[in-house]
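These notes concern the structure reproduced below.
The values are calculated or read from the model by the stated rules, or taken from the named source; none is laboratory data. All values reported here derive from a predicted model rather than from experimental measurement. Reconstructed Cβ throughout: ideal geometry from the backbone, glycine too, with neighbour counts over all protein chains shown.
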Amino acid sequence: MNVTGIVVEYNPLHNGHIFHLNKTKKITQNDYVIAVMSGNFVQRGEPAFINKWARTKMALEAGIDLVIELPTIYSVSSAEGFAFGAISILNSLEIVDSICFGSELGSIYELNIIGKILAEEPPSYQGLLKYYLKHGLSYPAARLHALTDYISDKNILSLGKNHLNTILQSSNNILAIEYLKALHKLSSTIKPYTIKRVKSKYNDIHLTGYISSATAIRKNFHDLNAVKESMPDFTYKIIQNEISCGRGPVCLNDFSQMILYKLRESSRDFIKSLIDVGEGLENKIKFAAEEASNIEELISMLKNKRYTTTRLQRILIYALLNMTKDIQNQIKMSPDYIRILGFNEKGKDLIKLIKSRCKMPLIINPSKKDTDILVYDMLATDIYVLAYKNNAFRKARQDLKVPPVIKPASI
């Protein structure tokens with residue numbers, strides 16, 4: 001049995017994802033594919049375009065055998081927390097042989113060396129990092145400079161500084177390096193592979209034909225004929241069904257009033273306690289929340305080189321979900337449960353095997369006894385559904401009511 005894991009958001013699933021999945025199967029020669037997928041809020045600090053159960057249907061239609069939810073505290077984290085949570089889940093299953101992810105570089109060798117440096121943090125690298133932090137750089141910028149200097153000084157990779165900087169600042173490379181760092185930290189035996197990202201970039205907002213970024217598809221979904229070319233028919237039909245039922249699409253602006261209310265009624269001390277809020281940002285947030293009339297205005301008033309749009313969006317989601325700094329240690333630790341969102345016939349075999357090997361609780365049909373362990377996932381869904389157009393689907397505790405998505409065997 002050869003099992004490959006992948007980490008996805010499928011927000012929504014498009015032709016680029018199908019390319020990744022097909023290449024993954026070809027490279028790894030796997031028998032089974034497990035996807036760890038974000039729930040109703042995603043890593044960019046936004047709500048998912050459509051809910052996690054609809055996206056699970058997409059994954060199963062695409063050929064994924066088992067879909068596991070990435071717990072909310074990881075799915076809305078920085079690249080480091082997001083990657084560590086996902087890799088920890090795959091590693092804990094005790095059945096995964098390989099992982100395959102996309103990158104702009106498309107070469108595992110250089111990315112793996114960088115990931116290992118970050119996992120081990122040799123003393124000379126730490127010294128460089130402290131130097132740049134002391135000189136006022138943000139942590140990501142300080143890490144970038146420290147890594148570039150360390151690799152160049154030690155002549156570890158035969159890459160010029162400019163090329164190295166490009167590698168370290170590309171979205172998919174950053175995530176790939178974090179996956180590899182997590183594998184090293186966990187001393188995992190999972191073998192990593194990477195596939196070069198083709199055509200569109202992660203942050204592209206313009207449709208580029210057959211393969212377009214998920215960002216571009218979300219931005220242009222009002223032009224149905226244009227986006228249809230960029231996704232499989234089943235994705236299009238699933239999205240159309242969600243829209244016709246009044247369950248999407250969902251966007252950050254749908255939560256403007258909720259977020260502004262939360263920030264306005266909260267004390268500066270509470271805002272200061274939120275994950276990633278520091279350097280007096282709580283005062284700026286409090287002022288901006290009183291002056292802004294929507295999320296776009298709020299972010300515009302707060303955005304600077306240190307606090308990017310994505311970083312600010314995550315902070316707003318932290319406020320919405322009451323995610324304060326006291327759970328940061330939890331994010332640095334491996335998840336303590338496995339929540340299954342869906343599976344096909346082959347996935348049933350995987351579940352049996354996981355039950356025999358995995359030491360963590362396996363949650364397939366959540367019940368009231370799981371509410372403590374699923375607290376942030378349930379809160380995320382309870383808030384997410386308030387953005388639905390159809391009032392009938394806005395009821396709470398759907399995590400305890402919606403069964404896993406099961407794709408029957410083809411006849």
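Brief remarks on what is shown
- If you go through segment 239-265 and keep only what is under 17 Å from Y10 (Cβ atoms), surrounded by 20 or more Cβ atoms within 10 Å (Cβ to Cβ) and among the hydrophobic types (A, V, I, L, M, F, W, C), you end up with I239, V250.
- Checking I156 against (1) without any contact (Cβ under 8 Å) to a residue 12 or more places away in the chain; (2) not in a helix (DSSP H, G or I), the condition it does not meet: (1)
- Checking each residue of segment 148-158 against the condition of being basic (K, R) and within 29 Å of V7 (Cβ to Cβ) gives no match.
- Failed item in (1) hydrophobic (A, V, I, L, M, F, W, C); (2) buried (at least 17 other Cβ atoms within 10 Å of the Cβ); (3) not in a strand (DSSP E or B), with L341 passing the rest: (3)
- Pair list, Cβ under 7 Å, 6 or more apart: segment 368-395 residue more than 12 Å from I73 (Cβ to Cβ), other residue among the polar types (S, T, N, Q): M378/T371; T381/N40; T381/Q398; Y384/N40; Y384/N51; V385/Q398
- Count of segment 303-332 residues which are closer than 15 Å to S256 by Cα and assigned to a loop (DSSP other than H, G, I, E, B): 1
- Test: I217 is in a loop (DSSP other than H, G, I, E, B) and under 23 Å from Q43 (Cα atoms): no
- Subset of segment 184-222 (residues that are charged (D, E, K, R) and modelled with pLDDT of 85 or more): K185, K191, K196, R197, R218, K219
- Matching residues, segment 259-298, being charged (D, E, K, R) and part of a loop (DSSP other than H, G, I, E, B): D276, E279
- Enumeration of residues in segment 348-403 that are in a loop (DSSP other than H, G, I, E, B), in contact with a Phe, Trp or Tyr (Cβ under 7 Å, 6 or more places away or on another chain) and surrounded by 15 or more Cβ atoms within 10 Å (Cβ to Cβ): M360, I373, R394, V402
- Candidates I151, I174, filtered to the one that is surrounded by 15 or more Cβ atoms within 10 Å (Cβ to Cβ), in contact (Cβ under 8 Å) with a residue 12 or more places away in the chain, more than 30 Å from L13 (Cβ to Cβ) and among the β-branched types (V, I, T): I151
- Any hit, segment 122-139, residues being of a type in the set (G, A, S) and at pLDDT below 90: yes
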